[in-house]
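The values are calculated or read from the model by the stated rules, or taken from the named source; none is laboratory data. All values reported here derive from a predicted model rather than from experimental measurement. Note that each Cβ is placed from the backbone with ideal geometry, even for glycine, and that neighbours are counted across all protein chains shown. Calculation scope for accessible area: heavy atoms of the full protein, side chains included, ligands and nucleic acids excluded. Shrake-Rupley method; radii C 1.70, N 1.55, O 1.52, S 1.80 Å.
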Amino acid sequence: MQLKKKNLMKIKNKTYKEEEGQGSVEIILLIGLILIIVILTGNYIFNISNSINNSLKQLIEKGRDEILLKV
């Protein structure tokens, strides 16, 4: 009977430790997922900003050239 109780206690301890590990793994995966989302979003925003910057640069150069031609 005592052997069964000891085995049962070992099993309970192992499952408790595994649940702690499971939580840690889930937290690490969630943090990784958040980092990936932040990196992808940052890259998308950077590309949009870069595109807008290039468009404005071309517009300013075109306007400058037209003004210089009129002078």
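Only one residue in Gln58, Gln2, Gln22 is modelled with pLDDT of 90 or more and open to solvent by 90 Å² or more (accessible area, probe 1.4 Å), so which one is that?
Working: Gln2 fails: modelled with pLDDT of 90 or more; Gln22 fails: modelled with pLDDT of 90 or more.
It is Gln58.
Check region 61-69 and report whether any residue there is at pLDDT 90 or above, of a type in the set (Lys, Arg) and either surrounded by fewer than 10 Cβ atoms within 10 Å (Cβ to Cβ) or part of a helix (DSSP H, G or I) (or both).
yes
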